[in-house]
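Report on one structure; see the data block that follows.
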Amino acid sequence: MTLWQARRAMAASLGIANIRFSPDSFEYDAMTYKKVPYTVKIDLVAPPALVAKCGSRWCTLKDEKGHDPGQSLPKNSATKSFLARSWSDPGSGAAAPILCLLCSNAPYTCSAACVQQAETFVLAFNTLHAFAIDTNAPLRTFTQRAAAWRALATKPPIPEEVRAQRLVAEDSFKANKPDEALAHYEAGILLYPTWPEGNFNAALIAGDLGYYDAAIEHMQAYLELVPEAADAQAARDKILIWQTKAKEK
């Protein structure tokens with residue numbers, strides 16, 4: 001799962017379209033029961049990696065040692081509350097501090113869909129967490145890398161592992177599998193952020209799929225790498241369109 005796939009999966013699992021992500025956290029707007037707006041900010045650095053422990057009746061979140069992942073967090077931490085949030089399977093009509101409820105056809109058995117939901121949530125959270133604690137991740141120093149790349153008189157070819165991602169992305173796109181193509185472009189970008197073509201193509205595909213935040217981020221990266229490109233104005237216009245569409249979601 002790429003960083004951007006994890007962000008999309010997290011937004012989908014929460015049912016919140018407008019989540020604001022940073023390398024170390026994410027936040028979203030919520031309402032109290034008295035309809036007072038407030039912002040929930042989730043720390044991605046402090047909590048441990050998660051595991052979904054799925055039994056016959058439910059799935060719970062544990063850390064890799066089998067403990068409650070919120071034990072080491074401050075009592076009133078939004079992250080602690082977030083990790084103990086209530087989920088329910090579609091159609092169950094109930095909520096409890098467990099990830100899966102009794103809503104499959106078999107008695108006292110968690111549905112396959114709910115197990116998949118729990119595992120997807122854990123994979124998304126762990127991907128975001130791993131990026132948050134990896135201070136050496138190439139993407140975290142993109143601005144400095146972009147400046148150094150622009151200063152090169154002769155631009156180096158993309159690494160072979162990134163070229164492989166490009167080839168698979170192009171093949172997936174030709175096979176009318178845009179989500180797969182986007183995943184491979186984004187995997188290449190994580191390995192080699194100073195890849196103008198990858199950022200540009202990822203932006204266009206993400207925009208077509210309605211992933212406007214990712215589309216904007218990728219196109220802004222493209223413009224930072226090649227600000228004087230012949231299609232720079234068209235790229236800026238695309239960003240304006242996606243920003244407008246993102247607000248309408």
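The values are calculated or read from the model by the stated rules, or taken from the named source; none is laboratory data. Predicted model only: the values in this text are computed from it and were never measured. Glycine also receives a Cβ, built like all others from the backbone with ideal geometry; neighbour counts cover every protein chain displayed.
Given the structure, is ARG8 basic (Lys, Arg) and crowded, with 18+ Cβ neighbours inside 10 Å? Yes: the conditions hold for ARG8. For VAL40, the conditions (1) under 30 Å from LEU209 (Cα atoms); (2) at pLDDT 90 or above; (3) buried (at least 17 other Cβ atoms within 10 Å of the Cβ) all hold with the exception of (3). Contact map, the stretch 26-51: residues that are not assigned by TED's automatic domain parsing to the domain that holds GLY15 paired with residues that are surrounded by fewer than 16 Cβ atoms within 10 Å (Cβ to Cβ) and among the basic types (Lys, Arg), Cβ distance under 6 Å, separation 6+ or inter-chain. No pairs are found.
In the stretch 154-187, what residues are hydroxyl-bearing (Ser, Thr, Tyr) and surrounded by fewer than 13 Cβ atoms within 10 Å (Cβ to Cβ)? Write out each step before concluding.
At the first step, the residues of the stretch 154-187 found to be hydroxyl-bearing (Ser, Thr, Tyr) are 154, 172, 185.
Correct list: THR154 only.
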